[in-house]
Amino acid sequence: MITMSSKSIHKLVLFFAISCLLLQEKCTEASVSLLCKDSERKALLEFKHSLQAMDSSGDDALSLWESTISPSLLKLHHLTSLNFNSNDFNGSLIPEFIGSLQKLKLLDLSNANFRGPIPSLLGNLSMLETLRLGGNGGDVTYHRNFKKMFSVGKLEWLSHLSRLKEVDLSFTNLSNANDWSQVISHLPLLQKLSLRHCDLPSISSSSLSLANSSTSLTYLDLSDNNLPSSAIYPWLFNVSSNLVSLNISSNKLKGPIPEAFGNMKAIQELYLNDNLLVLAENQVRGDSGLNEIGKLPDFRVLDLGYNLLNGSISKSIGQLSNLHVLRLAGNSFDGDVISEAHFSNFTNLEELDLSSTSLTLKFNTGRILPFHLSQIMLCSCKLGPRFPDWLRTQMDFKLVLEYLDISASGISDSLPYWFWDPFQRLRYLNMSFNQISGTFPNNSIHISHLDLSSNNFSGPLPHFSLDFSDVGTINLSKNKFNGSVSPICNITNEVSLALLDLSNNLFSGVVPDCFRSFRSLTALNLGDNSFSGSLPSSLGSLTSLEMLSLRGNKFSGELPLSLQNCTELKFLDLSDNELSGEIPLWLGQRLSSLVFLSLQRNQLRGRIPHQLCELKYLQILDLSVKKISDSIPPCLKNFNSMAKKVSLDRRIEHHLLDQPYVRSLIHVRYVDEALITWKGTKQNYPQLGLLLAIDLSCNKLTGEIPEELNSLQELVALNLSRNFFTGKILQKIGHLRQLEVLDLSRNKFSGNIPTSLSELTFLSILDLSYNELSGRIPTSTQLQSFDPSSFSHNRGLCGPPISPNCSMVEPPPRKPAVGGEEDSDEFMKWLYTGMGLGFAVGFWGFCSVVFFKRSWRHSYYRYMDNAKDWVYVTFVLLKARLVRRIKALSTR
């Protein structure tokens, strides 16, 4: 759908148009009788009441509509035009009664969030000249994410509309419309046809034989349909005699460019990009193909981008003297060199796109080029190492340069003094991924989309005076800017800033609390600087925010409660700061869209709140924050993205679009990069959907691993190291079949290593060291391939890879008791022996006293004296021995 502001404009126009018809008191009686018949007035009132505003609060009272189209429109007997383009009808069906509006000449329901099927009763609109139903279901500006809401079986009903001049069914599911080519060929007045992204079926030979040659068709768009050459070319060249604009990009066209394109005498625009086309050997030399196209007198647009073109670009391409747009991006031209000789006749050229071709551009210094471009796209071309001086020739001419992309072009030079003044009117400037140095001028920067990331720029943050009306982006990451970021507060409230990335610089100080001015901000990255102080509470005003990274700073204090208002957040990285307090419950309760959450290395304390289990879209959770205690909540099994094999976003990216200008659309894509510990090292990881990870390491967690973690069968990395976990390793850990990283080291796990661990065939990193594990290491090719250090400091473990086998390993020695317990046992053994002997001696002595004579009694007393002396001496010797051993142990 279009942006909310544009929606509101359309709705307000409709609302006020109806209101004007209803303000009868403002009309003269004659006007009322002419324009406001009572029956039509009532019909309009009924229609108005069918459009109910869902939210009347705030500045945008008509921004949300719960809409239905009332049948009262049938009372407007003279209605010839019905236009609901770019309103939101909330997925409702197209009313069939529209087919009864017999006098309609224009019906426009495009981009209005209707769903299908398209009613065949529209075939009754015999007076219809313009039919636009395209773009229902999503954001057509980035069609890869578009969900088709319309479907059509056969198109036979369309053939009844013989007066049609324009048909737009773009983004409609026509996969079952096998008759589409026949129907289109039988519309004699059709001039403009758009069937973009419709899943068109291939044209059969029988259908082709029934197709008539159309002489009226001038505009044809069949792009994004995956049609092969055999399904397009025969029909196309049969209806192409008067084509002015042809778009068959993003299909499956193969082989050389057909010479038949040269027979389209009226053609001015040809879009063949995103196919599998090649240049035949003779086409590379310029003898045919492109050469034939070059002979067409009015040829203005040639787009061959993103095919399989290779070889060299012939200088004969200069024959296209009327060319305004040349796009050859995304091909492999063997490192060819482009000079001014290729462009000597391009006096009308306005747009040049050679992106991702690895072409080398060498223009003579000081040479005035014959063209004056409004768009220059040279990403990944070879322009350096000096800054291209020929760009200076593109200023102060009839066309203002609005779009300049020289990113990743091998420039390692300082920015020339003349650069900023002439290019202040640029709408888009991308010089990222070079080694350009320099500072900003003292005056304000007016560029709407600015990307200077990954360079060597330095100095303070410039002042931005962005006067764009739709959307803007600023990316200054990975440079050497320093000082305060307070200039961002000077950007006015009228600015719809979508991206602000100041990460990886040398900024410092307190971040100003002025984010209430940036309600349209989608991505904010201030990471890897030296900011300090508390987090600004105005961050909670960023209700459109999807990405927030503040990692690698010195922020302190608790997370502001206002942050819970950022309910659109998908990516939240607060790692490597000094944040304190407990993990807020609202992280799970309010930020339910989170895909990435990292609080790594902060001063947060307390337990893992059960509310985090509500984050069903979570793909990466990093809570390795040092002070978290208690146990793992079993409800982590509710992380659906980790538990089920579902379709995941392979990256978290934001498509930030501007209004179209000239012939192109500014398209800014921003990809969130997660800095995570992966396979033992920290690294940026943009492919988030490929990594499902939980990191709870370096905390004070206790208890056993809950069995419920076995449910996370799509988990790729699990790190529970450096905690106080006890009990056994999960016996069914083999159910986590996608695991590549498992770190349970430095805990108190005991018992055997579960045999199911050997079933983890993707496991590449394993660390079970520093635990109390015992028994044989399970046998598998996978486990025996790990380094012995993966199992070290588990005294009871045996078998490969730490020992050849278990039979050769002696039983583990008894653990020495604390405080000389072994010596105490030996002393007690001798003590009991002496006591037994004393009992025996005492017993016989007693008997002797009773039964024997006096002389025996004397002998008994002498014996007792001797026995007493023996026991005493034995006790003293044992005591001395015990003292010596205790001293020896204490000195070790």
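Just so it is clear, none of the values below were taken in a lab; they were calculated from the coordinates. Everything quoted here is computed from the prediction, not taken from an experiment. Positions of Cβ are generated from backbone atoms using ideal geometry, with glycine treated the same way; all protein chains shown enter the neighbour counts.
Values as computed for the structure displayed
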| quantity | calculated |
| --- | --- |
| Cα shape, segment 472-600, gyration tensor, a/c 1.5 rule | oblate |
| Convex hull of segment 298-430 built on C-alpha atoms - directionally averaged projected area, nm² | 7.6 nm² |
| 26 Å Cα-Cα threshold exceeded, pairs from Lys315/Lys382; Lys382/Lys478; Lys37/Lys105; Lys265/Lys362; Lys478/Lys645; Lys637/Lys700 | Lys265/Lys362; Lys478/Lys645 |
| Taking N as its residue count, the alpha carbon Rg of segment 567-639 over 2.2 N^0.38 Å | 1.01 |
| Cα-projected label distance for Glu259 with Ser803, points at 7 Å along beta-carbon direction, nm | 8.2 nm |
